[in-house]
Amino acid sequence: MPDLTTPRAGAAGADLMVLVLGGTSEGFDLARALTREPAARVVSSLAGRTANPRLPIGEVRIGGFGGADGLAAYLRSTGVGMVIDATHPFAATMGGNAEEGCRQAGVPLLRLERPAWRPIAGDNWTEVDDWDEAANAVGKLSQRVLLAVGRRELAAFAALDHVWFLVRSVDPPNPVPAFRQAELLLARGPFALDDERRLLAGHRIDTILCRNSGGSAADAKLVAARELGIRVVIRRRPPRPAGLPRVSSVSEAILWVRSMCGR
């Protein structure tokens with residue numbers, strides 16, 4: 001079995017190549033931090049699903065690898081010494097491909113994942129495991145919903161004809177599901193708390209439907225919902241491969257890189 005505890009060395013005198021599977025604020029911040037590490041060369045990989053992504057510092061590649069086998073081939077051909085998976089908590093397919101691809105290529109893998117949100121006193125949460133369960137929960141009790149789930153997950157809610165949706169998305173859905181009652185709001189976070197309060201109150205929202213993405217860039221809506229007594233239907237995170245080293249901050253990821261390099 002390949003040794004996944006030791007980074008592959010490059011050619012004599014060459015920098016260690018670190019591949020960051022990014023697309024998140026953590027991946028962006030990690031790439032910037034790695035550029036300050038001596039003898040490290042960072043390459044960030046973005047899936048390319050957003051039309052105008054915020055590009056991190058350093059080298060960037062955009063597009064998929066072609067599954068686990070394609071990632072393994074890329075790692076072998078480029079001499080990547082270690083991989084840090086900083087993809088979105090709901091990018092479960094990429095997480096599985098990263099584990100298998102790194103296993104095939106014998107490259108160490110770290111998972112960098114922001115902590116999940118947790119309900120606190122005053123919250124009115126309904127937690128679900130999939131979008132069908134979410135649609136069922138919304139269909140029973142909701143009338144006016146802020147739908148903040150990502151443009152690829154909208155179809156499950158289009159059949160709820162009696163519900164009005166405010167669909168918030170970074171890019172326009174293509175195709176647009178056939179909602180009977182909906183308004184599209186194109187916006188990119190992070191969102192300020194005062195703006196979220198005004199948005200929810202102004203549209204008379206009674207339910208927020210979202211994913212448990214975690215982090216601070218999108219949590220203002222949950223704080224506003226708590227203050228205004230608005231219900232939240234929130235999807236739990238899909239499982240990730242077990243047994244991998246995991247950290248929850250950029251600083252911890254940097255320490256892992258240093259430790260793997262014997263520093």
Item to check | Dipole-positive endmost among Val42, Phe90, Thr78 within region 39-93 (Cβ charges, Cα centre) | outcome: Val42
Checklist entry - Antiparallel as a % of all DSSP beta bridges within the chain, to the nearest 5? => result 0
Item to check | Rel. contact order, % - alpha carbon contacts under 8 angstrom, at least six apart, region 60-136 | outcome: 32
Checklist entry - What is the spin-label model distance, in nm, from Leu55 to Asp130 if the labels are put 7 Å beyond Cα along the C-beta direction? => result 4.0
Checklist entry - What does the charge add up to near Ser25, with Lys and Arg as +1, Asp and Glu as -1, over the other residues with Cβ less than 14 Å from its Cβ? => result 0
Checklist entry - Assigning unit charges at the beta carbon (Lys, Arg +1; Asp, Glu -1) and nothing else, what dipole magnitude in debye, to the nearest 20, does the chain show about its Cα centre? => result 260
Next on the checklist: Give me the three principal axis extents of the chain from the C-alpha atoms, as integers in angstrom, largest value leading.
Outcome noted: 65, 33, 32
Item to check | Enclosed volume per residue, in Å³, of the convex hull spanned by Cα atoms of region 120-263 | outcome: 144
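Could you work out the percent of alpha carbon pairs in region 104-193 separated by over 14 Å, rounded to a whole number?
Values: 2899 of 4005 pairs.
Beyond 14 Å sits 72 percent of the P(r) for region 104-193.
Values quoted throughout were computed directly from the atomic coordinates according to the rules given, and no laboratory measurement underlies them. What you are looking at is a predicted structure, and each value in this text was computed from that prediction instead of being measured. Every residue, glycine among them, receives a Cβ derived from its backbone with ideal geometry; neighbour counts consider all protein chains shown.
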